Structures are given as structure tokens and as C-alpha cells.
Amino acid sequence: CSSKRTPSALLRCVAVALCLVANVMAGKYSREMNEAKADGGDGPTAEFRIAKLNQVWEKAKRMELSPVRQAELHSDLKIQEKDELQWKKMKVEGLDENGEKEAQLRRNFNVILAKYGMDGKRDTRTLENNSLKDHDIKEGDIFDDPRLDKLWNKAKSSGKFSSEELLSLKREFQHHKDKIHEYNILMDTVSRTEEIHKNVISPLEGEAKEHVLHQKHTDLKQKMRDLNQGFDRLRKLSHEGFTEDSEFREPRVIELWEAAKRANLSTDELDSLKEELHHFETKVEKHSHYQEQLELSHQKLQHVEALGDKEHIKRNQEKYNTLAEKTREMGYKMKKHLQDLSNKISRQGLEHNEL
């Protein structure tokens, strides 16, 4: 601006200066908000705010995962993102000094990689563990575990269950199979971590690592207890059938309810939790429905693509994309709610045991 300035010229200069400052601040804000993009994310369409999660997601999109499995992975990565961002805040506040939470996050990330076949290992864990080496695969063996298969075939031929009840029972068996698989992955991850932790640099570091490993073994023991309790329940259910007063239908909800009843909670706390679990069960069922619709939508899209009608393909692709996004979003909300309920039951049970 010139030295001989009129009031209107001065106003114009101030306005220009303010615009420049605003642009600089906006650029800085944009850089901070898009940390993932600057840190090796996927440009302007980065799905996650953490670079390594974007890398996993991009790799997954190149793999031949089914639509439902890909949506499940997305939900798991969103949970991992939430937990890692929370941990970063904790670290800034000086919490997690012994690195316990950080180690748990690393373990959770490794479990995700293994769960979706992205850890570079051929997955033989389920077959090798909890099953006999000479176990012959027979027709009707659908759970990769001789105990589960034997129990399932016995229940199926017992005549105690209606078609609808058999479907519910099969869901329970499938849930238990998934839990065995997750336990084996976790055990494998802990074993590999132990090998790494043997190379200790200092006694102080050794104490911290010892504490973390102790926590991991505690987690494994708890998961093994859960597996044993789950199998006992399946055995009872297979022999006695479903009772009229069964509170819940969904395996994950039943598992939470059983844990709550063992947690020494008051009657009021149990009643409140029961109501919350009913809401959660509705959410789980809705998510399952969307997963089924997503699978059907994918099959229809493949059929339309084979016919080659571009307009028809475009319409079905848009429907499929919308459904995939909705399924991922619902999966995240459902898993977050599951995480919150599990933590709530553990916390309340711990409080009662300390009293």
C-alpha cells in the first residue's frame, strides 16, 4: 500500500492482510488435519488418520477378500484407529509410563494382520490347535475342530431342534470357532513377542517388558477360561436344547450376559445391563442383516457386470458402494459398543470384588 493512504485504501490493505493470515492458518490447519496424507497416506482420499492403517486398507483392497470380510476389516481398523488416537492423548498427558497400553495396541494390530491373512504367514493355526493331528475330515465336519464337529453332528441328528433353532445353534458354534481362531492368533503373537523381548538392553527395560509379558499371559489365561466356559455352555445347549426363558439369541450378547452374571453385580446393575444388552442385540442383528444384503448386492453386481450393460452396472455399483459403506459404519458402531460393554462388565466386576 502507498504511504499516502485514504481511509478506504487502509481498509483494503487490512482486508488483504487478514486474508493472507487466514490462508496461512488454513494451510496449517489442513496439514494438521491431514496428517495421514502427509505421512504416507493415500492422498486426498485417505480412509484413516494413521498412515499404517491406510497401508493395510490399500493392501486389503488388492486382495480377494469377500465384501463382508472387507467390511469387517474396515470396522476393525476403525476401532484400532480410535484406540491409537486415544493412546496418543494419554502419552501426551504422561500416562502409560510402563508402555502397557502401547504393547496392547501393537498386539491388537498384529492380531488384525493375522486375522485377515496379512501377516505373511500361511494360516494353519486353527487346524493345528485344539484338534487331533490324525483327525480325518468327514462330511459334516464344518468347524475345523473335532470336539465342535462331534457335538454339532450329535445335536443336528438328535431331533431336539427346529430348523430355526438349528440356525441359532450353528451361529453359536461358528462364534466359538471364531474365538478359538482368535485365541490361537493371540497365542502365536505373544510367542513371537516373547522371542523379541529376550533381547533385553537394560535391567530397567527388562522390568518393563516383563510387566507387559505378564499382562499378555493374563489376557491369554482369561481367553482360555472364556473358551472353556463357552464350550461347556455349547455342550449343555446341545444336550438340553434352548429353554423358553432364554434372555438373548445372539452368541456375543449371550457371552456378555453370562460374564455379567459371573461378575458379582447387584440386581439393579444386572437389570440395567440387561436392558442395554437388548439394545445391543438389536444392533448386532441389524448389522448381520446388512452383511447379508451386502453379499446379495455383490452377487447381483457380478451378474450385471457379466451382461455388460454399462448403465445397469453403474446403478448397481452405486447401490453396492452405499450398502458397503453403511455395513462398515454399522460394524464399527457395533464393535465399539461391544468393546464398551465388555469394559463396563469387567470394571464393575472388579469394583465389586475389591469391596
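The figures follow:
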item	result
Protection-proxy order for peptides 230-242, 91-103, 48-60, each taking the mean of Cβ atoms within 10 Å per residue, highest first	48-60, 230-242, 91-103
FRET efficiency, 1/(1 + (r/R0)^6) with R0 25 Å, evaluated for Lys223 and Thr322 via beta carbons	0.10
Span per principal axis, largest first, for the Cα atoms of the range 247-354 (Å)	66, 21, 16
Calculated FRET efficiency for the pair Lys310/Thr243, C-beta based, R₀ 35 Å, to 0.05	0.05
Entries in Lys82/Lys221; Lys61/Lys177; Lys52/Lys88; Lys170/Lys319; Lys286/Lys333; Lys283/Lys344 that, when Cα-Cα distance is taken, lie over 20 Å	Lys82/Lys221; Lys61/Lys177; Lys170/Lys319
Computed FRET value (nearest 0.05) for Asn98 with Gln55, which takes r as the C-beta separation and R₀ as 25 Å	0.30
Additional length obtainable on full extension of the chain from Lys274 to Lys91, 0.36 nm per residue less Cα span	62.4 nm
Potential lengthening between Val190 and Leu105 on full extension [0.36 nm per residue; Cα-Cα distance subtracted]	29.3 nm
Pair Ile142, Gln299: separation of 7 Å Cα→Cβ label points (nm)	1.5 nm
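Where a number appears in this text, it was derived from the coordinates with a stated rule and is not lab data. These numbers were taken from a predicted model, which means no experiment stands behind them. So basically every Cβ, Gly included, is an ideal-geometry build from the backbone, and we count neighbours across all protein chains shown.
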